Amino acid sequence: MGDTEDSVTSKRTVFVTVGTTCFDALVKAVDTLEVKQELSRRGYTHLLIQMGRGTYEPTKSLGEDGLLAVDYFTFSSSIADHLRSASLVISHAGSGSIFETLRLGKPLIVVVNEDLMDNHQSELAEELAERKHLYCGRPQTLHQVIARMDLESLLRYHPGDATPVAKIINKCLGFPDD
Amino acid sequence: MKEMDDCCFFAIAFIAITVAIIIIRLLHVLYLTGKPRRIKSPQLSALIVLGSGGHTAEMMNLLSVLQMDRFSPRFYIAAATDNMSLQKAHVFEDSLIDNNVIKGVSAQFMQIYRSREVGQSYITSVWTTLLATAHALWLMIKIRPQVVLCNGPGTCIPLCVIAFLFKVMGIRWSSIFYVESIARVKKLSLSGLLLYKLRIADQFFVQWPQLQRKYPRAHYVGCLM
């Protein structure tokens with residue numbers, strides 16, 4: 001028990017996820033010296049990158065250089081476990097990743113992919129950032145977001161449910177409302 | 001000569017009457033769209049369109065709060081390129097049986113061709129759109145659902161349009177419910193816009209208040225996630 005607590009306090013992992021997309025710009029951004037420096041300045045020790053269909057391979061590191069230990073993989077069936085053990089999540093703007101992270105109550109930075117043609121996904125990230133549930137940035141501004149973020153000021157997201165929809169559907173179909 | 005004139009007159013009259021009947025029927029269906037179902041029934045057959053990724057996750061959230069014993073049989077449709085969604089539906093259906101919500105198997109799982117994959121060229125997409133429409137028609141003739149639940153993306157459009165045409169033609173009356181994705185905060189998706197503007201959806205739900213202000217016929221229901 002003492003051991004696990006120790007490792008929890010000493011190991012602070014940043015988990016980067018791009019879902020099933022190809023988002024090399026984000027992987028490149030977290031692989032830059034400025035982002036890594038900023039992250040270790042804020043007390044993070046490990047950087048784990050899920051790179052999806054991207055082709056840019058970040059430089060692995062064991063952290064001897066005083067910076068973060070860096071590791072990466074393409075896909076995994078245990079994304080939920082990685083999210084759970086992370087101290088900070090940096091994610092693409094997909095609604096699945098966003099809400100899975102928020103539901104776990106993890107601090108989140110969403111990075112919008114500007115290369116997507118129909119970029120409606122920034123709408124969701126920006127709205128949730130306005131409501132102070134997460135931070136939102138672009139690959140080029142990621143290090144500034146990390147430098148400026150104040151995780152204490154983030155508000156916990158309370159998941160919604162579909163009962164209002166079910167009520168209206170029941171009423172419309174003539175089912176008793178209960 | 002006179003015979004020709006008569007022929008012409010009858011042909012024009014016939015076409016005019018047919019068009020008038022179709023328009024009256026169309027207006028009647030549009031008038032009834034969104035009104036509560038007149039014929040009550042304890043169980044209705046339902047088509048559930050799974051849109052992949054976040055769309056499927058939101059749909060599963062909706063299904064989890066609906067009383068599924070009221071929707072029987074249930075037909076799940078997902079895009080042929082999406083292998084995750086039907087798997088999730090299978091897990092959900094198994095949980096219904098385990099929890100004794102339903103007795104026996106009353107669900108079917110189907111795949112549908114997509115009219116256009118991301119990145120496909122527009123020339124080949126003419127052919128694939130035709131194929132996808134024919135496939136959608138074939139599935140809908142088999143299913144003839146009384147309830148259609150969908151939340152985008154484009155996969156649901158041919159199915160909804162066919163369901164609406166079935167209403168106009170008197171083949172099957174259905175209630176179509178569309179929930180716009182949580183990712184749409186300021187603007188409707190193309191699928192949502194089509195179903196809203198053409199009044200195909202009986203009830204239209206949005207998850208952000210900004211959208212309800214823009215589209216007043218929509219219900220604002222808060223976030224599903």
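The values are calculated or read from the model by the stated rules, or taken from the named source; none is laboratory data. These numbers were taken from a predicted model, which means no experiment stands behind them. Because the Cβ atoms are built from the backbone with ideal geometry, glycine has one as well, and the counts that use them run over all protein chains shown. Just so you know, the surface numbers come from the protein's heavy atoms only, side chains and all, with ligands and any DNA or RNA stripped out. Shrake-Rupley method; radii C 1.70, N 1.55, O 1.52, S 1.80 Å.
Details
- Flag if A:Ala125 is small (Gly, Ala, Ser) and either within 13 Å of the chain's Cα centre (by Cα) or away from chain B (no Cβ under 14 Å) (or both): yes
- Residue in segment B:177-190 that is farthest from A:Phe99 (Cα to Cα), counting only those that are open to solvent by less than 10 Å² (accessible area, probe 1.4 Å) and without any contact (Cβ under 8 Å) to a residue 60 or more places away in the chain: B:Phe177
- Test: residue in segment A:132-154 that is among the charged types (D, E, K, R) and in contact (Cβ under 8 Å) with a residue 40 or more places away in the chain: no
- Some residue of segment B:12-30 being open to solvent by less than 40 Å² (accessible area, probe 1.4 Å), among the hydrophobic types (A, V, I, L, M, F, W, C) and within 19 Å of B:Gly152 (Cβ to Cβ): no
- Residue that is modelled with the highest pLDDT [pool: residues in segment B:59-85 that are among the hydroxyl-bearing types (Ser, Thr, Tyr) and open to solvent by 50 Å² or more (accessible area, probe 1.4 Å)]: B:Ser64
- B:Ile157 vs. criteria surrounded by 19 or more Cβ atoms within 10 Å (Cβ to Cβ), touching a residue at least 24 places away in the same chain (Cβ under 8 Å) and under 14 Å from the mean Cα position of the chain (by Cα): yes
- Total residues in segment B:186-203 satisfying the condition of being under 18 Å from B:Asn61 (Cβ atoms) and touching a Leu at 6+ places or on another chain (Cβ under 7 Å): the figure is 0.
- Scan of segment B:167-176 for residues that are more than 21 Å from B:Pro216 (Cβ to Cβ) and either among the small types (Gly, Ala, Ser) or open to solvent by less than 10 Å² (accessible area, probe 1.4 Å) (or both), ordered by number: B:Lys167, B:Gly170, B:Ser174
- Note on segment B:168-179: residues that are away from chain A (no Cβ under 11 Å) and of a type outside the set (A, V, I, L, M, F, W, C) amount to 2.
- The conditions of being over 25 Å from A:Phe175 (Cα atoms) and surrounded by 20 or more Cβ atoms within 10 Å (Cβ to Cβ) are met by B:Arg114.
Residues checked against (1) under 15 Å from the mean Cα position of the chain (by Cα); (2) within 14 Å of another protein chain (Cβ to nearest Cβ):
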| position | (1), (2) |
| --- | --- |
| A:Ser87 | yes, no |
| A:Val110 | yes, yes |
| A:Cys136 | yes, yes |
| A:Tyr157 | yes, yes |
| A:Ala166 | no, yes |
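- Among strands (runs of 3 or more DSSP E) entirely within segment A:41-156, having at least 1 residues that are open to solvent by 40 Å² or more (accessible area, probe 1.4 Å) and at pLDDT 95 or above singles out A:46-50, A:69-73, A:135-137.
- B:Gly152 falls short on exactly one of the conditions (1) open to solvent by 30 Å² or more (accessible area, probe 1.4 Å); (2) at positive phi, and that condition is (1).
- Single unsatisfied condition, B:Leu131 versus (1) open to solvent by 10 Å² or more (accessible area, probe 1.4 Å); (2) under 29 Å from B:Gln207 (Cβ atoms): (2)
- Considering segment B:205-225, the residues that are open to solvent by 10 Å² or more (accessible area, probe 1.4 Å) and within 29 Å of B:Arg38 (Cβ to Cβ) include one that is nearest to the other protein chains (Cβ to nearest Cβ), namely B:Val221.
- Single residue of segment A:168-178 satisfying the filter (in contact with an Asp or Glu (Cβ under 7 Å, 6 or more places away or on another chain) and open to solvent by less than 70 Å² (accessible area, probe 1.4 Å)) that is nearest to the other protein chains (Cβ to nearest Cβ): A:Cys172
- Just one of (1) buried (at least 16 other Cβ atoms within 10 Å of the Cβ); (2) more than 25 Å from A:Glu127 (Cβ to Cβ); (3) of a type outside the set (Phe, Trp, Tyr); (4) over 11 Å from the mean Cα position of the chain (by Cα) fails for B:Leu194. It is (2).
- When the test is whether a residue is open to solvent by less than 10 Å² (accessible area, probe 1.4 Å) and either of a type outside the set (Ser, Thr, Tyr) or within 12 Å of chain A (Cβ to nearest Cβ) (or both), B:Ala89 passes it.
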